[in-house]
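Working notes for the structure below.
The values are calculated or read from the model by the stated rules, or taken from the named source; none is laboratory data. Just so we're clear, the structure is a prediction, and the values are computed from it rather than from any experiment. Cβ atoms come from the backbone with ideal geometry, glycine included; neighbour counts cover every protein chain shown. For accessibility, only protein heavy atoms count, side chains too; no ligands or nucleic acids. Shrake-Rupley method; radii C 1.70, N 1.55, O 1.52, S 1.80 Å.
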Amino acid sequence: ILLVAVPNETIQQYQEIARLSGLELLALEAEVFGLARTTIKDEEKEVLALIDIGARSTTISIIDSGTVKLSHSFDISGNDFTNLIAKGLNLGYQASEELKRKWGILPSKENTGQLLLPLTDLIINEVKKIFQNFYQAEGRSPQRIILAGGSALLPGLSNYFSENLGKPVELVNP
């Protein structure tokens, strides 16, 4: 059983957006299901990990033969990366966002990569825990990783994930 809960406030917000747009809302689905449906081919039978690094949170999902088997969200996000650069370099939010997008975790004269690596490692460690828990429960591990979300596009991030998790990584353009 996979239980998914969405706050009523979130549902009401989407209903209001649809109403104001003149659209008839037929259904809503949790983001992980829509992302899995649109990024994974029906014929794929392998176990894979879908890691969505969004502006407000990161969600790690394990997909087995096209079915979401496990999904875990936590509060490390793209905004946290930007805020870390802002504090570390004493910059405004917009300037920090631009540096984040330009350099990501790569070496730069501003040392943004050094600032972001500890937070990136927290995500990596969380992924490792989830992989280990899934392996203990199912006896299988993801063969590859799909990175999604705006922060997935940070320069150097996909290579860093691949090196530290020992799996191929592909990007999905959000």
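Would you point out the residue of the stretch 75-88, among those that are touching a helix residue (DSSP H, G or I) at 6+ places or on another chain (Cβ under 7 Å) and open to solvent by 30 Å² or more (accessible area, probe 1.4 Å), that is nearest to ALA49 (Cα to Cα)? Before the answer, list the steps.
First pass over the stretch 75-88, keeping only residues touching a helix residue (DSSP H, G or I) at 6+ places or on another chain (Cβ under 7 Å): 76, 78, 80-82, 84-86, 88.
Filter again for open to solvent by 30 Å² or more (accessible area, probe 1.4 Å), leaving 80, 84, 88.
Values: ASP80: 22, LEU84: 26, GLY88: 31 Å.
Among residues in the stretch 75-88 that are touching a helix residue (DSSP H, G or I) at 6+ places or on another chain (Cβ under 7 Å) and open to solvent by 30 Å² or more (accessible area, probe 1.4 Å), the one nearest to ALA49 (Cα to Cα) is ASP80.
Please state which of the following conditions ILE17 fails to meet, knowing it meets all the rest: (1) of a type outside the set (D, E, K, R); (2) in contact with a Pro (Cβ under 8 Å, 6 or more places away or on another chain); (3) surrounded by fewer than 13 Cβ atoms within 10 Å (Cβ to Cβ).
(2)
Check LEU26 against each of (1) part of a loop (DSSP other than H, G, I, E, B); (2) in contact with a strand residue (DSSP E or B) (Cβ under 8 Å, 6 or more places away or on another chain) and name the one condition it does not meet.
(2)
For the stretch 101-117, which positions are under 15 Å from GLY150 (Cα atoms) and loosely packed, with under 14 Cβ neighbours inside 10 Å?
Correct list: LYS102 only.
Residues to consider are SER151, SER73, SER141; find the one that is under 30 Å from ALA5 (Cβ atoms), in a strand (DSSP E or B) and among the small types (Gly, Ala, Ser).
SER73
Under 8 Å between Cβ atoms, which residue pairs at least 6 apart in sequence (or on different chains) link something in the stretch 4-24 that is within 24 Å of ILE60 (Cβ to Cβ) with a partner that is at pLDDT below 85 and not in a helix (DSSP H, G or I)?
Note: pairs meeting the criteria are VAL4/ALA30; VAL6/LEU28; VAL6/ALA30; ILE11/LEU28; TYR14/LEU28.
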